[in-house]
Each structure stands twice: as structure tokens, then as C-alpha cells.
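Visitor: Sharing a structure with you now.
The values are calculated or read from the model by the stated rules, or taken from the named source; none is laboratory data. Predicted model, so just to flag it, every value in this text is computed and none were measured. Ideal geometry is used to build each Cβ from the backbone, glycine not excepted, and the neighbour counts take in all protein chains shown. Note: accessible area is taken over every heavy atom of the protein model, side chains too, but ligands, DNA and RNA are not part of it. Shrake-Rupley method; radii C 1.70, N 1.55, O 1.52, S 1.80 Å.
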Amino acid sequence: MKLVINSLCKTYPNGVQAIKDVSLTLNNGMFGLLGPNGAGKSSLMRTIATLQEADSGSVFLDDLDVLKHKTEVRQLLGYLPQEFGVYPKISAERMLDHIAQLKGIENAGERKDLVNSLLDNVNLSKDKKKHLGTYSGGMKQRFGIAQALIGNPKLIIVDEPTAGLDPAERNRFYNLLSQLGENTIVILSTHIVEDVSTLCSNFAIICMGEVLYAGEPDTAVHEMEGKIYSKSITKAELGHYQDDFTVISTQLKTGKLHIRILQETDPGNGFVPAAPNLEDVYFSNIATRVDVNTI
Ligand code: ADP
């Protein structure tokens, strides 16, 4: 499967240009869409999920015109939106059965087997009789993935799935997502760099509606080799360093401020070379658009 997005644009009636000429090609596997809040990730996801119209451009899933043939796309799609309401007084088991029925699985026995195997997959079997209203954030997200998987989707879209999960819940969710990717396209939108470095074989950085980078995380990090330098300074010195260098991240540790800068050549001045990571890639791209200290 291949998803090809070409010159996609969307401006909301209030004048916000949420998607600006976005072109991306996605193959099977996990694709991370990384960007700060307000970057346009949800707008792009909702458009691909056929939930809102684009102004111009195209999206093709193999030969299928996604923007035109919405019903066909929906049959191939699993979607976990950023926020989804659950009916609090219904059990996970009954809700999944109901969704499976809506998705056209008419045989009750077949539905029962499917629901049980999905619940097992997302590790909710022992809680399947509990009302959804009693579920924790992580359990709700896993339930959300189970419902998105009904009907063997070829394209799975998960929008900010790890926001609000505690570290253990996030780990469980990572494990679940990493099992999906092989024969499907999974698009994962996130503002958390670790989500991409842990899970994704390809990714794009999006900011203010534009794609700033697209490629493989390892390659992106490799390209930063020899360009990242770090130094400990006092808080009062920060302004001065920001005037002279491209400061891409700052971290306060035991009273000292550790800064990382992007620099083609050795800046001297007490800076030491640092091994690059995906956060450096992210912040150095974003730094060209927004003040990284505000992210
Ligand atoms: P992200 O998912 O990366 O946080 P969004 O796609 O939600 O970004 O938002 C991109 C921009 O579009 C933001 O400036 C947001 O305020 C604006 N926006 C999102 N949805 C709407 C809408 N329905 N009407 C008007 N503006 C919107």
C-alpha cells in the first residue's frame, strides 16, 4: 500500500491556513507526523480520514482517490481521533460488538470471536465487562485502538495517542502499536519526539501547516553529525548566547543551564561536540519557525 499526498491545502473560514501545500509519500509501516500543538497535524489527519474537505491537492491510497471516494476509504480505514467520547455505561465488550455490527459484520458468532481476539490483543480481556466510564486513560486508548482495528483496516490513523498517558501506559501502548505496522500504513501524529524514535520507520516534521522535513529518523540524526555542540551556562547568560548562536534546546539541571546549539563549525568558546539525537533534529527544524523555548 502507498499513500500519496500531493500539494494539499486547507484554510479554515477564520483565515487560519492549517495545511500549506503538503506533499508526502507513505509506505507500509509506522509513519510519525511530528509537530508542536497547532502545527496542522489533526487537520491533515482528519482530511485523510475523509472527515473534512481540503481546498486543493490530492490524496491517493494506491489507485483510490481518497478525497473523492469517501465510502470506499472508510471501509479501509481505522481511525483513533485525538479525543473520543466513550459511552460511560456500556462495557468494552458490548461496545466493540456494536461497532463491529456497524462495520457490517453480521454473524454474531464471528463478531464474538473477533471482539474477544481484539480485547486479547489490547490486553483488556479481564476488564471487558467493566463500563468504559471506569477505564483509565491508557485503557481507553487501548480500547480506542481495538475499535480502530475492526474490519482489518489497511490505513490506520492515530492522532496524539500517547498524550496524557503515564510512562507505563505509554510503554504498553507502544508495544501494541509496534505490532501493527507491517502490512498496513499507520500514521501516528504526536508532539512527543520519543514516540517517533521508538516506533516510526519514517516521519515528517510539520509546523505551521508546512512539512519542514521528511525522511527516516536514523538518517535525520546522522545528518546532524558534527553540528551539535553543548555547554553549561548560567541562566543570566542565555540571552547573550541566543543572540550569537542558534540555541535549539535548553535544560535546567542542578542550577546550571545546559544548552545545545546548531553550528556547522566548532564554535570554540567552551562548547563541546555532542552526539545528535532526534530531539536535535526536531528542535533545529522548528527553531527556524518558532521560539523553541515556548514549545
Ligand atoms: P495540531 O493537531 O497539530 O495541534 P490542528 O490541525 O488542530 O493542529 O490546528 C492547526 C491550526 O488550525 C491551529 O491554528 C488551529 O487553531 C486551527 N484550527 C483547527 N481546527 C480549526 C477549525 N475547525 N476552525 C478554525 N481553525 C481551526
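Visitor: What pairs come up if the first residue lies in segment 58-84 and is assigned by TED's automatic domain parsing to the domain that holds Gly40, the second is open to solvent by 80 Å² or more (accessible area, probe 1.4 Å) and not in a strand (DSSP E or B), and their beta carbons are under 7 Å apart, counting only those six or more places apart or on different chains?
Guide: Leu64/Glu72
Visitor: Hey, another quick one. Please go through segment 78-113 and give me each residue that is of a type in the set (A, V, I, L, M) and either open to solvent by less than 50 Å² (accessible area, probe 1.4 Å) or out of contact with any helix residue (DSSP H, G or I) (no Cβ under 9 Å at 6 or more places or on another chain) (or both), ordered by number.
Guide: Once the filter is applied, which keeps residues that are of a type in the set (A, V, I, L, M) and either open to solvent by less than 50 Å² (accessible area, probe 1.4 Å) or out of contact with any helix residue (DSSP H, G or I) (no Cβ under 9 Å at 6 or more places or on another chain) (or both), segment 78-113 yields Leu80, Val86, Ile90, Ala92, Met95, Leu96, Ile99, Ala100, Leu102, Ile105.
Visitor: Counting only residues that are surrounded by fewer than 18 Cβ atoms within 10 Å (Cβ to Cβ) and at positive phi, which one in segment 30-62 is farthest from the ligand (Cβ to nearest atom)?
Guide: Filtering segment 30-62 for residues that are surrounded by fewer than 18 Cβ atoms within 10 Å (Cβ to Cβ) and at positive phi, the one farthest from the ligand (Cβ to nearest atom) comes out as Asp62.
Visitor: Being among the small types (Gly, Ala, Ser), in contact with a Ser or Thr (Cβ under 7 Å, 6 or more places away or on another chain), closer than 23 Å to Ser197 by Cβ and open to solvent by less than 70 Å² (accessible area, probe 1.4 Å): is that true of Ala274 here?
Guide: Answer is yes for this residue.
Visitor: I'd like to check something: does segment 14-29 contain any residue that is buried (at least 21 other Cβ atoms within 10 Å of the Cβ) and either of a type outside the set (A, V, I, L, M, F, W, C) or at pLDDT below 95 (or both)?
Guide: The answer is no, given that none of the residues of segment 14-29 is buried (at least 21 other Cβ atoms within 10 Å of the Cβ) and either of a type outside the set (A, V, I, L, M, F, W, C) or at pLDDT below 95 (or both).
Visitor: Next up: Got a sec? Which of Val22, Val16 is touching a Gly at 6+ places or on another chain (Cβ under 9 Å), more than 11 Å from the ligand (Cβ to nearest atom) and either of a type in the set (Val, Ile, Thr) or not assigned by TED's automatic domain parsing to the domain that holds Ile286 (or both)?
Guide: Checking each option against the conditions leaves just Val22.
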